[in-house]
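Worksheet for the structure shown next.
The values are calculated or read from the model by the stated rules, or taken from the named source; none is laboratory data. As the structure is a prediction and not an experimental result, all values here were calculated from the model. With ideal geometry, Cβ positions are generated from the backbone for all residues, glycine too; neighbour counts draw on all protein chains shown. The protein model used for the area step is the full one, side chains on, heavy atoms only, and it has no ligands, DNA or RNA in it. Shrake-Rupley method; radii C 1.70, N 1.55, O 1.52, S 1.80 Å.
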Amino acid sequence: MPAGFSSDQAGAQWWRDAVIYQVYVRSFADANGDGIGDLAGVRARLPYLRELGVDALWFSPWYPSPMADSGYDVADYRSIDPAFGTLAEAESLITAALEMGIRTIVDVVPNHVSDQHAWFQAARAAAPGSPARARFWFHPGTGEAGELPPNGWRSIFGGPAWTRLKNDDGSSGEWYLHLFAPEQPDLNWDHPDVRHEHEDVLRFWFDRQVAGIRIDSAALLVKDSSLAEEDSDRPGEHPFTDRDELHAIYRSWRVVADSYPEPRVLVGELWLPDAQRFARYLRPDELHTAFNFDFLACPWEPGRLRASIETTLAVHAPVAAPATWVLSNHDVTRPVTRYGRLNSAFSFESKREGTPTDLALGRRRARAAALLAMALPGSVYVYQGEELGLPEVEDIPAARRQDPMYFRSNGVDPGRDGCRVPLPWSGTEPPYGFSPPNSRSKPWLEQPGNWSELTATAQESHADSFLGLYRAAIRIRHDEASLGGGALQWLPSDPMVIAFVRGADFGCVVNFGPEPVALPAGAQVLLTSIDVDDECLPSDGAAWLRLPRPVEKESR
Ligand code: NOJ
Ligand code: CA
């Protein structure tokens, strides 16, 4: 049992109402001045994370990688990329965080490996039909000379999902499947080696005190081996998404996770439109939780948000899994920018830059959204920089961009670099303390020149800053017994207002309308996202309240 934690049931269920902070190492803090964030940088900033009050850190992939997809192309699952540090540093970081009461979650990427991974290197060197190739999806092409891909599946990053190999003699060979970039060949989960290897990787990290894993692309692992085309939308019939055989994989992972004195936690990255299908992964012997992307993708609109909350809670209840509330991550437009747009919904298909954006409006809404998310039942994810209110950076020069989404769409899709810009810590100009003074290299992505007021240091001393709001909200969330798990009851309200009670008397009110609304009579204000005058909550504001009892709740 790690230092500082008991094995009692409450400790073992920590994930049910935790605040989990996503560390995107490359952009968090650079200790050695090469312009790339590293583990020593995270280590030095642990006091900041403790002060923020988070329960756990989720590290995006930190493994050796050629970085064709920023680490989601893993060359070796049991080590650390030299740009970030060493395995010994990772181990001592995990321990140091635990000593501060902060658990660690690592990112496991089971759908694919890097094309530099030993298995793929062996596969490409081996002959068609060989055992080394059977761990991947190698197929002859179609067309007269095999010049066409095996089928019409499309890569999620754009373009065909198949790439043809060259044989040693220069002739064209077999095709292999990659649902993402060509540098990310898909593993064949029908192969026993693939299953054993991943269970072993889980144990490798769980043995190093890691409290859980985030499972990348969790709905994609299993493929229809007949390579049927993508022409069915019926649940479970898509050739590579949400196939029923996935559940057996996660059941076997759950056995591994449950074999530890403090059971390890499995968190799924599941982008699925059907909430019922999503919840099947959260049955008691499968994953513990999964990211709630439906809530993230909602526009700033009370009807849509309330419906999303209701559906989320309704589908989680029968499987007894806690909901999760996510406003951002390293793949999506930063909330301050998203909510400042006329169309404030998120989708990869519609993601574009240069859309008119009212950042002041976006900031107001993102602050209110944070109080909304943190008052809901379940756990909360905070992506680094969200607590600073960073906007999306939309003017990164083409030559500096890194994301394959940008390149594979020929620049039509701006990609995800804009939410991955290195954090501003202090000072009035780049690198804002991200790298040490007089570093030899600039940050790997340029930071805007106008971020001096967004640095952690600039915000630290202002209670009404973004950071001040996040700190206060997380503190209240921890102290308030009725937050975290437990029921939610809606309060009767105007359709442009979302209002609910947690426990006996904790109230949350969010005003989406253009006019201020009166707060419930007799309520004591605990925290607001915006200045409140005369007990009126302004447009796009949220308030946490201690309600007078008895509270009139909506009957349903
Ligand atoms: C989801 C990750 O969050 C994203 O960043 C990555 O590109 C894909 N999975 C592929 O691994
Ligand atoms: Ca560095």
* Structure fact -> Every listed condition ((1) modelled with pLDDT of 95 or more; (2) open to solvent by 10 Å² or more (accessible area, probe 1.4 Å)) holds for residue 127 save (1)
* Of residues in the stretch 73-91 being touching a residue at least 60 places away in the same chain (Cβ under 8 Å) and open to solvent by 10 Å² or more (accessible area, probe 1.4 Å), the one farthest from ligand 2 (Cβ to nearest atom) -> 78
* Asked: Identify, please: which residue in the stretch 138-173 is among the hydrophobic types (A, V, I, L, M, F, W, C) and touching a helix residue (DSSP H, G or I) at 6+ places or on another chain (Cβ under 9 Å) and is, among those, nearest to ligand 2 (Cβ to nearest atom)?
  -> 157
* Asked: residue 210: under 18 Å from residue 380 (Cα atoms), open to solvent by less than 10 Å² (accessible area, probe 1.4 Å) and in contact (Cβ under 8 Å) with a residue 60 or more places away in the chain, yes or no?
  -> no
* Matching residues, the stretch 525-538, being over 17 Å from residue 465 (Cα atoms) and under 29 Å from the mean Cα position of the chain (by Cα) -> none
* Within the stretch 495-509, is even one residue modelled with pLDDT of 95 or more, out of contact with any Leu (no Cβ under 9 Å at 6 or more places or on another chain), surrounded by fewer than 22 Cβ atoms within 10 Å (Cβ to Cβ) and assigned to a loop (DSSP other than H, G, I, E, B)? -> yes
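Please specify each residue of the stretch 362-406 satisfying the condition of being within 16 Å of ligand 1 (Cβ to nearest atom), assigned to a loop (DSSP other than H, G, I, E, B) and over 18 Å from the mean Cα position of the chain (by Cα). Quick ask: steps written out before the conclusion?
Residues of the stretch 362-406 that are within 16 Å of ligand 1 (Cβ to nearest atom), as a first pass: 381-386, 392, 401-406.
Narrowing further to those that are assigned to a loop (DSSP other than H, G, I, E, B): 384-385, 392, 401-403.
Hits for the stretch 362-406 are 401, 402.
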* touching a Phe, Trp or Tyr at 6+ places or on another chain (Cβ under 8 Å), within 16 Å of ligand 2 (Cβ to nearest atom), open to solvent by 10 Å² or more (accessible area, probe 1.4 Å) and touching a residue at least 24 places away in the same chain (Cβ under 8 Å) - does that describe any residue in the stretch 431-440? -> yes
* Structure fact -> In the stretch 530-556, anything of a type outside the set (Gly, Ala, Ser) and in contact with a helix residue (DSSP H, G or I) (Cβ under 9 Å, 6 or more places away or on another chain) is listed as 530, 538, 540, 544
* Please state which of the following conditions residue 180 fails to meet, knowing it meets all the rest: (1) free of Cβ contacts under 8 Å to residues at least 24 places away in the same chain; (2) closer than 20 Å to residue 230 by Cα. => (1)
* Qualifying positions in the stretch 446-462 - more than 18 Å from residue 42 (Cβ to Cβ) and open to solvent by less than 90 Å² (accessible area, probe 1.4 Å) -> 447, 448, 449, 451, 452, 454, 458, 459, 460
* To do: List every residue pair whose Cβ atoms sit under 6 Å apart, with the two residues 6 or more apart in sequence or on different chains, where the first one lies in the stretch 20-48 and is in the same structural domain as residue 98 (by TED's automatic domain parsing) and the second, anywhere, is within 16 Å of ligand 1 (Cβ to nearest atom) and hydroxyl-bearing (Ser, Thr, Tyr).
  => 20/381; 22/383; 24/60; 37/27
* Output yes when any residue across the stretch 300-311 is open to solvent by less than 60 Å² (accessible area, probe 1.4 Å), more than 28 Å from residue 202 (Cα to Cα) and part of a loop (DSSP other than H, G, I, E, B), and no when none is. => yes
* Asked: Just to be sure, is residue 56 open to solvent by less than 30 Å² (accessible area, probe 1.4 Å) and within 14 Å of ligand 1 (Cβ to nearest atom)?
  -> no
* Looking only at the stretch 56-90, which residues are over 18 Å from residue 28 (Cβ atoms) and charged (D, E, K, R)? -> 69, 73, 76, 78
* residue 322 vs. criteria within 28 Å of residue 541 (Cβ to Cβ), touching a residue at least 40 places away in the same chain (Cβ under 8 Å) and touching a Lys or Arg at 6+ places or on another chain (Cβ under 9 Å) -> yes
* To do: Confirm whether residue 277 is more than 21 Å from residue 219 (Cα to Cα), surrounded by fewer than 20 Cβ atoms within 10 Å (Cβ to Cβ) and either charged (D, E, K, R) or more than 18 Å from the chain's Cα centre (by Cα) (or both).
  => no
* Structure fact -> residue 199 passes all but one of the listed conditions (1) outside any loop (DSSP other than H, G, I, E, B); (2) under 24 Å from residue 226 (Cα atoms); the exception is number (2)
